[in-house]
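Structure first, then comments.
Readers should treat all values here as calculations from the given coordinates under stated rules, not as data from a laboratory. All figures in this text were calculated on a predicted structure; none of them were measured in a lab. Every residue, glycine as well, gets a Cβ built from its backbone with ideal geometry; the counts of neighbours run over all protein chains shown.
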Amino acid sequence: MTRTRIAVFLAVLLVGLVLPTQAELIRSRKPVNLPDVAGFKTLKCDFHIHTVFSDGNVWPHIRSEEAWREGLNAIAITDHIEYQPHKEDLPTNHNRAFEIAKSHGDALGLLVIRGSEITRSMPPGHLNAIFLSSSNELAVDDWRDSVKAAFGQGAFIFWNHPGWTGQQSDGLARWYAEHDELLSQKMLHGMEVVNGHSYYPEVHRWCLEKNLTMLANTDVHDPIGLVYDVNEESRPYTLVFATDATPEAIKEALFAGRTALRFREQLIGREQYLRPIFEASVALLNPGITIKGKGSAFVQIHNNSDVDYQLTGEQPRAEITVPTRLTLKAGRTVLLQVRGTSDRQDGKRNYDLRYTVRNLKITPDKSLQVTLPIEVTFVPGR
Ligand SMILES: [Zn+2]
Ligand SMILES: [Zn+2]
């Protein structure tokens, strides 16, 4: 071998040793960066998932690995009790999908919660019961008995996809007497404000008015990669603000209503959670700047989260101008250019720049308002 050939041979050998194989790249987890807030851990959860044990097209343990790869902390397996198109191929055991998913979840450190979908015509429609001790007890004729069985097990019960076009042809959710009945018996604890690709503004409003827990879930039936481009976008999920990363702590947080929702580029939830998420994500690296005359200076703003924050603002006072639209890109530091308006300004001034974060939705028609405090030292001159 010539020296060149030896060098090439060694280089190829080295690349082979150092580069991960395709399989290693694919079987990897991409963590979600969203800060812990208000003394709680921010857990990412999907509480509505199907497998081949009802009308899904995926073996249960794959559900655990899909969620682990996407950086989720917990999932609930919620196959239909009343609908099993594969029952000629698979025995009826409403607990089995959970057991299979949980064993792989345990191996990966992903929490898997036992659930079932009580699947009835509207009203009451489809209800998920999670944190069950046994799903088989829910397989009874009367939907009221099924809900009672779940309630008796201490389950957290929520109303799925209330505006699903399969049950409401116009896509609008309607509240029925049956839901009042469940609510008055404390057998309805939450609602899906987001199900898959749908957001229901009327459900968002009901959750705020009736103090119900808001949820965002996929209701996925096919492999997750057939429904979402998982390298480019996130599945919808529920952020749970829990005291600990355990099923018990998640259950406590759900009953207490401590959730927010990730839906595409948006976060949806009560202001008391979205404000601290924004504040813990965003840092002004140099809030104090000096501007000479009509010149400009840059405030650097870092966003350590995985969400782009889309800001629309107002012009502050006459002495300066700032951009009225600004996107704080996920994981980036962006420049906010502040410009002086006169050659004769002198001295120090503080400004609270007012912005609306368009994609942080605190009600169906209101986004979070924030202020960015800066201090400007003006130096007269040209
Ligand atoms: Zn359903
Ligand atoms: Zn479902």
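Mind jotting down the distance between the C-alpha centroids of segment 33-75 and segment 305-333, whole Å? Between the Cα centre of segment 305-333 and that of segment 33-75, the gap is 32 Å. In this simple spin-label model, placing a label point 7 Å from the Cα along the Cα-to-Cβ direction at both residue 108 and residue 36 gives a separation of 2.3 nm.
The phi torsions of segment 218-223, fed into the Karplus equation with coefficients 6.51, -1.76 and 1.60 and a -60° offset, translate into couplings of 7, 6, 6, 10, 8, x Hz, rounded to whole numbers, with Gly and Pro shown as x. List the trypsin sites (Lys or Arg not before Pro) within segment 126-188 that fall in a DSSP loop (any state other than H, G, I, E or B) and whose Cβ has at most 13 other Cβ atoms within 10 Å. Those satisfying the criteria are 186. Measuring between their Cα centroids, segment 225-287 and segment 195-213 lie 16 Å from each other. Magnitude of the charge dipole for segment 262-382, about its Cα centre and with charges confined to Cβ atoms of Lys, Arg (+1) and Asp, Glu (-1), is about 200 debye. Counted by neighbouring Cβ atoms within 10 Å, the residues 363, 78, 42 run from fewest to most as 363, 42, 78.
The smallest convex shape that holds all Cα atoms of the chain, its convex hull, gives 189 Å³ per residue.
Going from the residue with the fewest nearby Cβ atoms within 10 Å to the one with the most, 181, 24 rank 24, 181.
For segment 63-143, applying the loop criterion from DSSP together with a ceiling of 12 other beta carbons within 10 Å to the trypsin sites (Lys or Arg not before Pro) yields 87.
Proximity of backbone amide H atoms, modeled 1.01 Å from N, is registered between residue 114 and 131, 132 at under 5 Å, excluding neighbours fewer than 5 places apart on the same chain. Using C-alpha pairs under 8 Å with a sequence gap of at least 6, the mean separation divided by the residue count of segment 208-273 gives a relative contact order of 35 percent.
Positive-end ranking of 75, 359, 147 along the dipole of the chain, with charges on Cβ about the Cα centre, is headed by 359.
Dipole size of segment 179-276 about its Cα centre, with +1 on Lys/Arg Cβ and -1 on Asp/Glu Cβ: approximately 340 debye, rounded to the nearest 20.
For a straight C-alpha distance cut-off of 16 angstrom, the aspartates and glutamates reachable from residue 292 (same-chain residues fewer than eight places away being disregarded) are 319, 343, 346, 375. Quick check: pseudo-label points 7 Å beyond the Cα along Cα→Cβ at residue 280 and residue 300, how many nm apart are they? Reported label-point gap for residue 280 and residue 300 is 2.5 nm.
Think of the chain as a dipole: +1 on every Lys or Arg Cβ, -1 on every Asp or Glu Cβ, centred on the Cα centre; then among 310, 61, 195, 310 lies furthest on the positive end. Taking other C-beta atoms within 10 angstrom as a stand-in for reagent exposure, 335, 360 fall in the order 335, 360, fewest first. Compactness of segment 205-317 was expressed as the Cα radius of gyration divided by 2.2 N^0.38 Å, which yields 1.43.
Considering only 296, 134, 234, the Gaussian network model of the chain with Cα springs below 10 Å gives its largest mean-square fluctuation to 296.
Of the GluC sites (Glu not before Pro) found in segment 190-233, the ones in coil according to DSSP and having at most 12 other Cβ atoms within 10 Å of their Cβ are 232, 233. Rounded to the nearest 5, the antiparallel percentage of DSSP beta bridges internal to the chain is 70%.
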